[in-house]
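Report on the following structure.
The values are calculated or read from the model by the stated rules, or taken from the named source; none is laboratory data. Everything numeric in this text was worked out from a predicted model, so none of it was measured. All Cβ positions, glycine included, derive from the backbone under ideal geometry; neighbour counts span all protein chains shown.
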Amino acid sequence: MTIKDWFISLFKNGTQSVTLDMFIGELTSEIFFKELAVQACINLISNAVARSEFQTFEKGKEVRKDNYYLFNVEPNPNKSASKFWRDVIHHLVYDNECLIVQQDGHFYVADSFNVRKFAFQEYIYTDVVIDDFQLNKSFVESEVFHLELHNEEIKNVIDGLYRSYSKLIEASQQNYKRNNSRRGKMKIPTNYPQTEEAQKQLEDLFKNKFKRFFEAENGAVLPLPNNLEYEELSSNIGVKGGADNKEIRSFIDDIFDFVAIAFQVPPQLLKGTVADTDKAVGNFLTFCVNPLAELLTDEINRKYYKKRAFLDRTYVKLNTSMIRAVDIKDIAGALETLFRIGGYTIDDILKTLGMEPFNTDWSTTHFVTKNYEPIEHSIENSGGD
């Protein structure tokens, strides 16, 4: 049946009414809020790690040599340290693992690889791809940094929750648009011309002119030919008590909360809530960033520095204290106490504040105030009573 035949059959028995529901925008069946939440978590974690400093030590003394430059400035000629470690965290969190290969004294993140596992021998990594370039050589376990999170089950739970919540969000969006749409009815008289030209005008009216009429932002005029009549029906747009987006936002917030909890990120940090920020940052460092820092440094120390150097106190440490932005006035009292009891030197204080140390004899000397003395001296001075 053609459009012409359909309309002719519709209008044979007097004036009929056709209800038109005009929805603002189109509803997609697939919603990507879960991906947004996961990417937000990854960005938050990777930015925190990139802000941290790899401290290199030789025989227990902090030094700045080639390794310090390699970890903190330029891991390879193509990437800065901040970009490199962001890529590492992205692969680690999103793919649940990350492979870093050493080549010519530089570090490179593998985009993909295959691994052959053995019970009592080193694993072998083959088909390593870096920036769309597949390497011909294979690597043994001691030649790479292989980082794993073991969070596969968590990602499965997130996917399951999202599948349920995506249906709720889609239903809420449908309800929102249904209750906040414009409605009208078109009255077509029984004597409406049944010519081909009239049918084309009617088809153009429904397909094009009505669409532009409903989508107009500043009002519009709709010319109606051949005695057609359009009547605006009641609408809930702007009416208090009608459907709003609070229910949809509530479902989206739930998704962000679930993803944040899965990755040990305080939800308020992920959503930008300012309440209890200091406490949230502390939890973020304790339960999310610091475990990742240990994962990184453990792998680097055991494979890059190895056992003998590590036992000789030559190692790398990831300092995450610079992640938290602090006001000097807030920590001045604590720094003074640490200095008075000999815990911090002047250089230690400067480094805590993110400033360059003096590296002089007096700035690296530990001082203790005179009213501090060993308890044995106090007993001797009191005559042993």
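Exactly one condition in (1) modelled with pLDDT of 90 or more; (2) under 17 Å from the mean Cα position of the chain (by Cα) is false for Phe258; which is it?
(1)
Return the total of residues in segment 292-343 being outside any helix (DSSP H, G or I) and in contact (Cβ under 8 Å) with a residue 40 or more places away in the chain. I'd like the intermediate steps shown before the answer.
If we filter segment 292-343 for residues that are outside any helix (DSSP H, G or I), which is where we start, we get 312-320, 324-327, 341-343.
From the residues that got through so far, the ones that are in contact (Cβ under 8 Å) with a residue 40 or more places away in the chain too are 312-320, 324.
Counting residues in segment 292-343 that are outside any helix (DSSP H, G or I) and in contact (Cβ under 8 Å) with a residue 40 or more places away in the chain gives 10.
Could you count how many residues in segment 322-340 are at pLDDT 85 or above and loosely packed, with under 14 Cβ neighbours inside 10 Å?
Within segment 322-340, residues that are at pLDDT 85 or above and loosely packed, with under 14 Cβ neighbours inside 10 Å number 5.
Give me a count of the residues in segment 336-361 that are in contact with a Ser or Thr (Cβ under 7 Å, 6 or more places away or on another chain) and more than 18 Å from Glu62 (Cα to Cα).
1
Within segment 217-236, restricting attention to residues that are over 17 Å from Lys185 (Cβ atoms) and surrounded by fewer than 11 Cβ atoms within 10 Å (Cβ to Cβ), which residue is modelled with the highest pLDDT?
Among those that are over 17 Å from Lys185 (Cβ atoms) and surrounded by fewer than 11 Cβ atoms within 10 Å (Cβ to Cβ), it is Pro223.
Is one or more of the residues making up segment 144-154 of a type outside the set (Val, Ile, Thr), farther than 22 Å from Asn301 by Cβ and surrounded by fewer than 17 Cβ atoms within 10 Å (Cβ to Cβ)?
Residues of segment 144-154 of a type outside the set (Val, Ile, Thr): 145-153.
Retained after the next criterion (residues that are farther than 22 Å from Asn301 by Cβ): 151-153.
Narrowing further to those that are surrounded by fewer than 17 Cβ atoms within 10 Å (Cβ to Cβ): 152-153.
For segment 144-154, residues of a type outside the set (Val, Ile, Thr), farther than 22 Å from Asn301 by Cβ and surrounded by fewer than 17 Cβ atoms within 10 Å (Cβ to Cβ): present.
Would you confirm, using the coordinates I've provided, whether Thr314 is more than 18 Å from His91 (Cβ to Cβ) and either surrounded by fewer than 19 Cβ atoms within 10 Å (Cβ to Cβ) or not assigned by TED's automatic domain parsing to the domain that holds Arg64 (or both)? Break it down into steps so the answer makes sense when it comes.
Details: more than 18 Å from His91 (Cβ to Cβ): yes; either surrounded by fewer than 19 Cβ atoms within 10 Å (Cβ to Cβ) or not assigned by TED's automatic domain parsing to the domain that holds Arg64 (or both): no.
Criteria not met by Thr314.
So Thr56 passes all but one of these: (1) modelled with pLDDT under 95; (2) in a strand (DSSP E or B). Which condition number does it fail?
Condition not satisfied by Thr56: (1).
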